[in-house]
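The values are calculated or read from the model by the stated rules, or taken from the named source; none is laboratory data. Remember, it's a predicted structure, so these values are computed and weren't measured experimentally. So basically every Cβ, Gly included, is an ideal-geometry build from the backbone, and we count neighbours across all protein chains shown.
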Amino acid sequence: MDRCVVLVDAGYLLGAAASLLAGEPSRSRITVDHAALIQGLRERAEADTEQPLLRIYWFDGAPDRVPQPEHRRLRVMPRVTVRLGALTRSDGRWAQKGVDAAMHAELTELARNRACSDVVLVTGDGDLLPGLMSAKEHGVAVHLWAVQAADGDYNQSEDLVAEADERRVLDRAWITRAVRARDLTGLCSPPPAPRPDIAAILSAPLPEAALAEAARNGTAAGEEQRQDGVPVPAPAAGGKTVPTPKDLAGSLRAPGQQSAGPAGGNSGQPPAGSALRWSSDKGWIDRAGPLGEPAETASLPTLAQLTSAEQRWADREEDITTVGGDPFEVGQVFARRWMERLPETVHLQKLATMYPRIPHRIDGELLRYAARFGLLAHKDDQIDEHDRYAIRAGFWREIDVRAAAEHVAAVPAAPPGTGPSEPGAATTPSAPAAE
């Protein structure tokens, strides 16, 4: 068939680009416009081979072969197929497993089935030499592309270079159309400023009850505060004030129990009949509602309870085709679906008053939903702390926008000189901003 196929070893292409632009092969040092990169590969392949493109195969590694956000964006692009190998950590470094074997199998299968007349290989690994030779024996012209090396030396196997029918170099000018260095000034550059929404959650004040309790106990700055009779360490200046269970594990004691001091190491036991709240909440709670929830949050429905079988299918379709997987975006998508399916606006009003703490049933469901997008990868099956705050910040941003929109829409509907016709119709509060 008179058409071309492009096989891309993403580890080689992006690693070599990082070496060229940032001085080291770490892909975390670069930002990639994947749409521009795919378009550039397509145009270059059709120009070099003088054949129309059949498909671009993108080979990359991922932990447990779970697609990462970039893979989700790539695999829904036209004429792009993503093939994932495993990504394993050894001696502190990540290494791809199975990517070369997958490229070899695809290359030989395409050639054997005469699916194309020209194959473009973007790789430097000599392990593909047998596949390259097999493709040539089946009458396929093999074009080998290299990324310009940072030190002027080869970054490809010399055997591959010798065996290829054609060879081209993707130089710095071509690479920089879609790839940029994230930080060219090294470690001396200041860290990027946090997103305002995430900073607001990190700096959210403690509940008024906790502050009042601290005042009654005469707690000074830097000393222990008490919430519901349980000591909670005072937050450091500028630090986060929404601790996780891990933060509280070593400091929570039963009411009235004295600390054994540094030498004793006795942290005590939780109050009888209590449970540690989800990481979006604080302290110990009584098992008053289902699953140990407070009564005021037990009535809030979860997204699963509000979702029909047809909606569940439509949600999955949207996740696969349009949701990129950015943590902030994931939180927004979850909140939008939850609000659209609420039977009563009173639930939205109740949730808005709880900012910035999400009830633990909804928070757990939110984090499980985020795990679908590969946000657990590289982190030992734990979502990174910054990602967790970004997920919740996206959730609250969507809640705030929707609550504000409903408030504006409800005000003109009320008759002049009267209050709202339904409780809460014109008084839906937006999510309170952190002080």
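Of note:
- Summed over the stretch 56-74, residues that are surrounded by fewer than 18 Cβ atoms within 10 Å (Cβ to Cβ) and either closer than 20 Å to H104 by Cα or at pLDDT 95 or above (or both) total 1.
- Counted residues, the stretch 40-75 - those being without any contact (Cβ under 8 Å) to a residue 24 or more places away in the chain and in contact with a Pro (Cβ under 9 Å, 6 or more places away or on another chain): 1
- Filter pass, R336 being part of a helix (DSSP H, G or I), surrounded by fewer than 17 Cβ atoms within 10 Å (Cβ to Cβ) and modelled with pLDDT of 85 or more: yes
- Residue check, L37 part of a helix (DSSP H, G or I), surrounded by 17 or more Cβ atoms within 10 Å (Cβ to Cβ), not aromatic (F, W, Y) and not assigned by TED's automatic domain parsing to the domain that holds G325: yes
- So E24, is it part of a loop (DSSP other than H, G, I, E, B), assigned by TED's automatic domain parsing to the domain that holds D151 and among the acidic types (D, E): yes
- Residue list for the stretch 60-92, filter: basic (K, R) and within 26 Å of Q39 (Cβ to Cβ): R72, R73, R75, R79, R83
- Selection within the stretch 332-346 - in contact with a helix residue (DSSP H, G or I) (Cβ under 9 Å, 6 or more places away or on another chain) and of a type outside the set (S, T, Y): Q332, V333, F334, A335, R336, R337, W338, M339, E340, R341, L342, P343
- Filter result (assigned to a helix (DSSP H, G or I) and under 13 Å from I391 (Cα atoms)) within the stretch 346-365: I362, D363, G364, E365
- Selection from the stretch 45-55 of residues that are surrounded by fewer than 17 Cβ atoms within 10 Å (Cβ to Cβ) and touching a helix residue (DSSP H, G or I) at 6+ places or on another chain (Cβ under 8 Å): P52
- For the stretch 1-33, a residue qualifies if it is crowded, with 17+ Cβ neighbours inside 10 Å and either touching an Asp or Glu at 6+ places or on another chain (Cβ under 8 Å) or among the acidic types (D, E) (or both), and the qualifying residues are C4, V5, L7, D9, A10, G11, Y12, A18, A22, R29, V32.
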